[in-house]
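Here is the structure we will look at, set down as C-alpha coordinates.
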Amino acid sequence: MATAATYVDNSTEPKRRPTRLRLPSGFGLASLPFGFLVCFFLIPVALLFVTSFFAARSFVIEPVWNIENYARILSAAGFWQATWVGLKNGFFTAAFSVILSFPVAYYLVYRTKSNVILYLVLLSWFSSYLVRVYAWRTILGTNGVINSFLMGSGVINEPLEVILFSPFASVLTLIHIMLPFSLLILVSSLRDVKQDYLDAARDLGATGIGVLIKVILPMTYKGIVGSFMFTFILAAGDYITPQLLGGREGVTSGLLIANQFRSAGNWPLGSAMAFVLLATFVVVYIVFTLTLKALKLAPGRRYHG
(Lines give C-alpha, C1' and ligand atoms only; values in the text may rest on other atoms or scores of the structure.)
Protein backbone atom coordinates (compact mmCIF):
# COMPACT_ATOMS: atom_id res chain seq x y z
CA MET A 1 0.00 0.00 0.00
CA ALA A 2 1.42 3.39 -0.97
CA THR A 3 2.39 5.66 1.90
CA ALA A 4 1.84 9.40 2.14
CA ALA A 5 5.53 10.06 1.50
CA THR A 6 5.46 7.97 -1.63
CA TYR A 7 2.40 9.85 -2.81
CA VAL A 8 4.10 13.20 -2.20
CA ASP A 9 7.29 12.14 -3.98
CA ASN A 10 5.35 10.95 -7.00
CA SER A 11 3.36 14.15 -7.13
CA THR A 12 6.47 16.33 -7.10
CA GLU A 13 8.07 14.64 -10.14
CA PRO A 14 8.35 17.05 -13.07
CA LYS A 15 5.72 16.43 -15.71
CA ARG A 16 6.83 15.95 -19.27
CA ARG A 17 5.42 18.49 -21.62
CA PRO A 18 4.01 17.14 -24.85
CA THR A 19 6.29 17.73 -27.79
CA ARG A 20 4.94 20.31 -30.21
CA LEU A 21 5.72 20.41 -33.85
CA ARG A 22 7.24 23.75 -34.74
CA LEU A 23 5.91 25.09 -37.98
CA PRO A 24 8.22 27.21 -40.12
CA SER A 25 7.60 30.92 -40.11
CA GLY A 26 8.89 33.92 -42.00
CA PHE A 27 11.48 32.97 -44.57
CA GLY A 28 11.00 29.30 -43.73
CA LEU A 29 7.53 29.36 -45.26
CA ALA A 30 8.81 30.96 -48.45
CA SER A 31 12.04 28.97 -48.72
CA LEU A 32 10.55 25.99 -50.57
CA PRO A 33 8.70 27.92 -53.31
CA PHE A 34 11.56 30.42 -53.50
CA GLY A 35 14.05 27.60 -54.02
CA PHE A 36 11.78 26.07 -56.65
CA LEU A 37 11.61 29.38 -58.54
CA VAL A 38 15.37 29.83 -58.31
CA CYS A 39 16.10 26.33 -59.65
CA PHE A 40 13.45 26.07 -62.32
CA PHE A 41 12.91 29.71 -63.35
CA LEU A 42 15.67 32.17 -62.44
CA ILE A 43 18.60 29.90 -63.31
CA PRO A 44 17.10 28.77 -66.67
CA VAL A 45 16.26 32.40 -67.53
CA ALA A 46 19.81 33.45 -66.68
CA LEU A 47 21.23 30.65 -68.85
CA LEU A 48 18.88 31.64 -71.65
CA PHE A 49 20.03 35.26 -71.38
CA VAL A 50 23.67 34.20 -71.58
CA THR A 51 22.88 31.99 -74.56
CA SER A 52 21.35 34.94 -76.39
CA PHE A 53 24.85 36.41 -76.78
CA PHE A 54 26.24 33.25 -78.42
CA ALA A 55 26.15 32.07 -82.01
CA ALA A 56 24.84 28.89 -83.60
CA ARG A 57 25.86 26.96 -86.68
CA SER A 58 24.33 23.71 -87.88
CA PHE A 59 22.32 23.25 -84.67
CA VAL A 60 25.48 23.67 -82.55
CA ILE A 61 25.83 26.55 -80.11
CA GLU A 62 29.17 28.33 -80.26
CA PRO A 63 30.04 30.25 -77.05
CA VAL A 64 31.35 33.31 -78.85
CA TRP A 65 30.24 36.55 -77.21
CA ASN A 66 28.58 38.99 -79.57
CA ILE A 67 25.49 41.18 -79.94
CA GLU A 68 24.79 40.13 -83.50
CA ASN A 69 21.54 38.41 -82.53
CA TYR A 70 20.08 41.57 -80.99
CA ALA A 71 21.28 43.73 -83.87
CA ARG A 72 19.70 41.31 -86.32
CA ILE A 73 16.39 41.36 -84.47
CA LEU A 74 16.23 45.15 -84.10
CA SER A 75 16.74 45.59 -87.83
CA ALA A 76 14.36 42.81 -88.90
CA ALA A 77 11.07 44.26 -90.13
CA GLY A 78 9.44 40.82 -90.20
CA PHE A 79 10.02 40.26 -86.50
CA TRP A 80 8.47 43.60 -85.57
CA GLN A 81 5.53 43.00 -87.86
CA ALA A 82 4.91 39.64 -86.18
CA THR A 83 5.36 41.26 -82.77
CA TRP A 84 2.80 43.93 -83.69
CA VAL A 85 0.29 41.21 -84.60
CA GLY A 86 0.84 39.54 -81.23
CA LEU A 87 0.58 42.84 -79.36
CA LYS A 88 -2.73 43.63 -81.06
CA ASN A 89 -4.08 40.20 -80.20
CA GLY A 90 -2.91 40.62 -76.61
CA PHE A 91 -4.30 44.13 -76.21
CA PHE A 92 -7.78 43.40 -77.55
CA THR A 93 -7.94 40.10 -75.68
CA ALA A 94 -6.89 41.68 -72.38
CA ALA A 95 -9.10 44.74 -72.79
CA PHE A 96 -12.25 42.80 -73.62
CA SER A 97 -11.50 40.16 -70.99
CA VAL A 98 -11.26 42.80 -68.25
CA ILE A 99 -14.29 44.73 -69.52
CA LEU A 100 -16.47 41.62 -69.77
CA SER A 101 -15.35 40.01 -66.52
CA PHE A 102 -15.51 43.11 -64.30
CA PRO A 103 -19.36 43.35 -64.19
CA VAL A 104 -19.54 39.60 -63.56
CA ALA A 105 -17.01 39.88 -60.74
CA TYR A 106 -18.94 42.81 -59.25
CA TYR A 107 -22.16 40.79 -59.36
CA LEU A 108 -20.53 37.76 -57.75
CA VAL A 109 -18.99 39.80 -54.92
CA TYR A 110 -21.74 42.32 -54.08
CA ARG A 111 -25.01 41.09 -55.54
CA THR A 112 -25.21 37.35 -54.92
CA LYS A 113 -23.92 34.71 -52.55
CA SER A 114 -24.12 31.98 -55.15
CA ASN A 115 -21.07 30.94 -57.15
CA VAL A 116 -23.01 29.21 -59.93
CA ILE A 117 -21.95 31.75 -62.55
CA LEU A 118 -18.32 31.45 -61.46
CA TYR A 119 -18.49 27.66 -61.71
CA LEU A 120 -20.05 27.90 -65.18
CA VAL A 121 -17.24 30.17 -66.36
CA LEU A 122 -14.60 27.90 -64.86
CA LEU A 123 -16.28 24.89 -66.44
CA SER A 124 -14.53 25.71 -69.68
CA TRP A 125 -11.26 24.62 -68.06
CA PHE A 126 -12.52 21.05 -68.08
CA SER A 127 -11.98 20.99 -71.84
CA SER A 128 -8.62 20.93 -73.55
CA TYR A 129 -7.05 24.05 -75.01
CA LEU A 130 -6.94 22.55 -78.49
CA VAL A 131 -10.51 21.30 -78.19
CA ARG A 132 -11.71 24.86 -77.56
CA VAL A 133 -9.66 26.19 -80.47
CA TYR A 134 -11.05 23.62 -82.88
CA ALA A 135 -14.55 24.19 -81.49
CA TRP A 136 -14.36 27.85 -82.48
CA ARG A 137 -12.91 26.84 -85.82
CA THR A 138 -15.99 24.70 -86.34
CA ILE A 139 -18.38 27.46 -85.21
CA LEU A 140 -16.79 30.11 -87.44
CA GLY A 141 -16.26 27.81 -90.42
CA THR A 142 -18.06 27.98 -93.75
CA ASN A 143 -20.47 25.31 -92.57
CA GLY A 144 -20.49 26.51 -88.96
CA VAL A 145 -23.29 27.80 -86.79
CA ILE A 146 -22.89 31.47 -87.74
CA ASN A 147 -22.77 30.98 -91.49
CA SER A 148 -25.58 28.45 -91.40
CA PHE A 149 -27.78 30.86 -89.43
CA LEU A 150 -27.03 33.82 -91.69
CA MET A 151 -27.66 31.79 -94.84
CA GLY A 152 -30.82 30.26 -93.41
CA SER A 153 -32.20 33.67 -92.49
CA GLY A 154 -31.42 35.05 -95.94
CA VAL A 155 -28.89 37.63 -94.78
CA ILE A 156 -26.14 36.23 -96.99
CA ASN A 157 -26.13 34.05 -100.09
CA GLU A 158 -22.76 32.36 -99.58
CA PRO A 159 -20.65 31.58 -96.49
CA LEU A 160 -18.43 34.29 -95.06
CA GLU A 161 -14.88 32.98 -95.07
CA VAL A 162 -13.46 36.18 -93.60
CA ILE A 163 -14.81 35.46 -90.09
CA LEU A 164 -12.71 32.32 -89.72
CA PHE A 165 -9.18 33.02 -90.89
CA SER A 166 -8.94 36.54 -89.53
CA PRO A 167 -7.70 38.49 -86.48
CA PHE A 168 -11.33 38.55 -85.30
CA ALA A 169 -11.37 34.76 -84.99
CA SER A 170 -8.06 34.74 -83.11
CA VAL A 171 -9.12 37.43 -80.63
CA LEU A 172 -12.56 35.88 -80.07
CA THR A 173 -11.03 32.49 -79.27
CA LEU A 174 -8.37 34.01 -77.03
CA ILE A 175 -11.03 35.94 -75.09
CA HIS A 176 -12.89 32.69 -74.50
CA ILE A 177 -9.68 31.07 -73.22
CA MET A 178 -8.44 33.99 -71.09
CA LEU A 179 -11.75 35.17 -69.61
CA PRO A 180 -11.70 32.76 -66.62
CA PHE A 181 -8.21 33.95 -65.63
CA SER A 182 -9.31 37.58 -65.73
CA LEU A 183 -12.49 36.83 -63.76
CA LEU A 184 -10.67 35.01 -60.95
CA ILE A 185 -8.17 37.84 -60.48
CA LEU A 186 -10.87 40.50 -60.41
CA VAL A 187 -13.09 38.53 -58.00
CA SER A 188 -10.16 38.15 -55.63
CA SER A 189 -9.39 41.87 -55.89
CA LEU A 190 -12.99 42.99 -55.35
CA ARG A 191 -13.36 40.85 -52.23
CA ASP A 192 -10.85 43.16 -50.52
CA VAL A 193 -13.15 46.15 -51.09
CA LYS A 194 -15.65 45.92 -48.24
CA GLN A 195 -19.27 46.84 -48.70
CA ASP A 196 -18.87 49.38 -45.89
CA TYR A 197 -16.62 51.48 -48.13
CA LEU A 198 -19.26 51.62 -50.84
CA ASP A 199 -22.00 52.48 -48.35
CA ALA A 200 -19.87 55.23 -46.84
CA ALA A 201 -19.23 56.73 -50.28
CA ARG A 202 -22.96 56.73 -51.05
CA ASP A 203 -23.73 58.32 -47.67
CA LEU A 204 -21.32 61.12 -48.58
CA GLY A 205 -23.27 61.81 -51.74
CA ALA A 206 -21.37 59.80 -54.35
CA THR A 207 -23.37 58.46 -57.27
CA GLY A 208 -23.00 54.97 -58.68
CA ILE A 209 -20.46 56.17 -61.24
CA GLY A 210 -18.65 58.14 -58.54
CA VAL A 211 -18.39 55.06 -56.33
CA LEU A 212 -17.02 53.09 -59.25
CA ILE A 213 -14.45 55.68 -60.32
CA LYS A 214 -13.35 57.05 -56.93
CA VAL A 215 -13.64 53.98 -54.71
CA ILE A 216 -13.81 50.66 -56.53
CA LEU A 217 -11.38 51.23 -59.39
CA PRO A 218 -8.59 52.82 -57.30
CA MET A 219 -8.90 50.12 -54.63
CA THR A 220 -8.82 47.34 -57.23
CA TYR A 221 -5.94 48.96 -59.10
CA LYS A 222 -3.56 46.03 -58.59
CA GLY A 223 -6.22 43.54 -59.58
CA ILE A 224 -6.99 45.41 -62.80
CA VAL A 225 -3.31 45.71 -63.70
CA GLY A 226 -2.71 42.06 -62.83
CA SER A 227 -5.75 40.88 -64.79
CA PHE A 228 -4.86 42.95 -67.84
CA MET A 229 -1.16 42.08 -67.92
CA PHE A 230 -1.71 38.38 -67.16
CA THR A 231 -4.13 37.93 -70.05
CA PHE A 232 -2.14 40.29 -72.28
CA ILE A 233 1.13 38.37 -71.90
CA LEU A 234 -0.52 34.98 -72.42
CA ALA A 235 -2.47 36.17 -75.46
CA ALA A 236 0.37 38.16 -77.03
CA GLY A 237 2.79 35.26 -76.64
CA ASP A 238 0.33 32.66 -77.93
CA TYR A 239 1.04 31.34 -81.41
CA ILE A 240 -1.18 28.25 -81.68
CA THR A 241 -4.52 30.07 -81.85
CA PRO A 242 -3.36 32.73 -84.37
CA GLN A 243 -1.74 30.01 -86.44
CA LEU A 244 -4.92 27.91 -86.61
CA LEU A 245 -7.47 30.73 -86.86
CA GLY A 246 -5.61 33.83 -87.98
CA GLY A 247 -4.87 32.86 -91.55
CA ARG A 248 -2.05 34.70 -93.29
CA GLU A 249 -2.00 37.36 -90.59
CA GLY A 250 -1.61 34.78 -87.84
CA VAL A 251 2.19 34.86 -87.69
CA THR A 252 3.27 36.19 -84.31
CA SER A 253 6.64 36.60 -82.63
CA GLY A 254 5.84 33.59 -80.48
CA LEU A 255 5.75 31.43 -83.61
CA LEU A 256 9.08 32.87 -84.78
CA ILE A 257 10.66 32.11 -81.41
CA ALA A 258 9.27 28.58 -81.38
CA ASN A 259 10.61 27.95 -84.88
CA GLN A 260 14.11 29.03 -83.84
CA PHE A 261 14.16 26.44 -81.08
CA ARG A 262 12.22 23.76 -82.91
CA SER A 263 13.07 23.92 -86.61
CA ALA A 264 16.02 26.23 -87.23
CA GLY A 265 17.99 25.06 -84.21
CA ASN A 266 19.26 28.58 -83.58
CA TRP A 267 18.79 28.75 -79.82
CA PRO A 268 20.82 31.96 -79.34
CA LEU A 269 18.66 33.87 -81.84
CA GLY A 270 15.48 32.45 -80.30
CA SER A 271 16.71 33.46 -76.84
CA ALA A 272 17.42 36.99 -78.03
CA MET A 273 13.94 37.19 -79.57
CA ALA A 274 12.41 36.06 -76.28
CA PHE A 275 14.18 38.78 -74.31
CA VAL A 276 13.30 41.46 -76.83
CA LEU A 277 9.68 40.37 -76.48
CA LEU A 278 10.07 40.47 -72.70
CA ALA A 279 11.36 44.04 -72.90
CA THR A 280 8.35 44.91 -75.06
CA PHE A 281 6.01 43.51 -72.40
CA VAL A 282 7.75 45.63 -69.76
CA VAL A 283 7.20 48.74 -71.89
CA VAL A 284 3.51 47.86 -72.26
CA TYR A 285 3.24 47.42 -68.48
CA ILE A 286 4.78 50.85 -67.84
CA VAL A 287 2.53 52.52 -70.41
CA PHE A 288 -0.57 50.84 -68.99
CA THR A 289 0.17 51.84 -65.39
CA LEU A 290 0.99 55.40 -66.42
CA THR A 291 -2.28 55.55 -68.34
CA LEU A 292 -4.25 54.51 -65.27
CA LYS A 293 -2.44 57.13 -63.21
CA ALA A 294 -3.18 59.78 -65.83
CA LEU A 295 -6.86 58.81 -65.64
CA LYS A 296 -6.66 59.24 -61.84
CA LEU A 297 -7.44 55.58 -61.20
CA ALA A 298 -4.25 54.78 -59.31
CA PRO A 299 -4.27 54.44 -55.50
CA GLY A 300 -2.31 56.53 -53.07
CA ARG A 301 -3.99 59.83 -53.93
CA ARG A 302 -7.27 61.48 -53.10
CA TYR A 303 -9.15 63.32 -55.79
CA HIS A 304 -12.08 65.59 -55.14
CA GLY A 305 -14.39 67.18 -57.57
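The values are calculated or read from the model by the stated rules, or taken from the named source; none is laboratory data. Every value quoted in this text rests on a predicted model; they were computed, and no experiment measured them. All Cβ positions, glycine included, derive from the backbone under ideal geometry; neighbour counts span all protein chains shown. For accessibility, only protein heavy atoms count, side chains too; no ligands or nucleic acids. Shrake-Rupley method; radii C 1.70, N 1.55, O 1.52, S 1.80 Å.
Any residue at all in the stretch 188-197 that is among the acidic types (Asp, Glu), surrounded by fewer than 21 Cβ atoms within 10 Å (Cβ to Cβ) and farther than 17 Å from residue 86 by Cβ? Can you show your working first?
Going residue by residue through the stretch 188-197, those that are among the acidic types (Asp, Glu) are 192, 196.
Applying the additional criterion that residues be surrounded by fewer than 21 Cβ atoms within 10 Å (Cβ to Cβ) yields 192, 196.
From the residues that got through so far, the ones that are farther than 17 Å from residue 86 by Cβ too are 192, 196.
Within the stretch 188-197 (the criterion being among the acidic types (Asp, Glu), surrounded by fewer than 21 Cβ atoms within 10 Å (Cβ to Cβ) and farther than 17 Å from residue 86 by Cβ), the answer is yes, since at least one residue qualifies.
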Checklist line | Candidates 148, 170, 124, filtered to the one that is of a type in the set (S, T, N, Q) and open to solvent by 50 Å² or more (accessible area, probe 1.4 Å) | finding: 148
Note to self: For the stretch 251-283, give me the residue count where each residue is open to solvent by less than 30 Å² (accessible area, probe 1.4 Å) and not in a loop (DSSP other than H, G, I, E, B).
What the structure shows: 15
Notebook entry, point to check: Tell me, which residue of the stretch 200-215 that is of a type in the set (A, V, I, L, M) and farther than 17 Å from residue 110 by Cα is farthest from the chain's Cα centre (by Cα)?
Noted result: 204
Note to self: If I filter the stretch 78-99 for residues that are within 30 Å of residue 212 (Cβ to Cβ) and without any contact (Cβ under 8 Å) to a residue 12 or more places away in the chain, do I get at least one hit?
What the structure shows: yes
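Conditions tested, residue by residue: (1) open to solvent by 20 Å² or more (accessible area, probe 1.4 Å); (2) touching a helix residue (DSSP H, G or I) at 6+ places or on another chain (Cβ under 7 Å).
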residue	(1), (2)
232	no, yes
242	no, yes
246	no, yes
285	yes, yes
293	yes, no
297	yes, yes
Item checked: Lone unmet requirement of (1) over 30 Å from residue 106 (Cβ atoms); (2) under 20 Å from the mean Cα position of the chain (by Cα); (3) not polar (S, T, N, Q) for residue 187 -> (1)
Item checked: Members of the stretch 83-105 found to be over 30 Å from residue 276 (Cβ atoms) and open to solvent by 50 Å² or more (accessible area, probe 1.4 Å), listed by number -> 100, 103
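Every residue, every condition in (1) farther than 24 Å from residue 285 by Cα; (2) over 22 Å from the mean Cα position of the chain (by Cα), yes or no:
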{"position": "88", "(1), (2)": "no, no"}
{"position": "104", "(1), (2)": "yes, no"}
{"position": "110", "(1), (2)": "yes, yes"}
{"position": "126", "(1), (2)": "yes, no"}
Margin query: If a residue must be more than 17 Å from residue 84 (Cα to Cα), modelled with pLDDT of 90 or more and not β-branched (Val, Ile, Thr), how many such residues does the stretch 273-305 contain?
Written below: 1
Checklist line | Test result for residue 155, open to solvent by 60 Å² or more (accessible area, probe 1.4 Å), out of contact with any strand residue (DSSP E or B) (no Cβ under 8 Å at 6 or more places or on another chain) and closer than 25 Å to residue 99 by Cβ | finding: no
Check: Taking into account only those residues within the stretch 217-230 that are hydrophobic (A, V, I, L, M, F, W, C) and more than 19 Å from residue 284 (Cα to Cα), which is most open to solvent (accessible area, probe 1.4 Å)?
Finding: 219
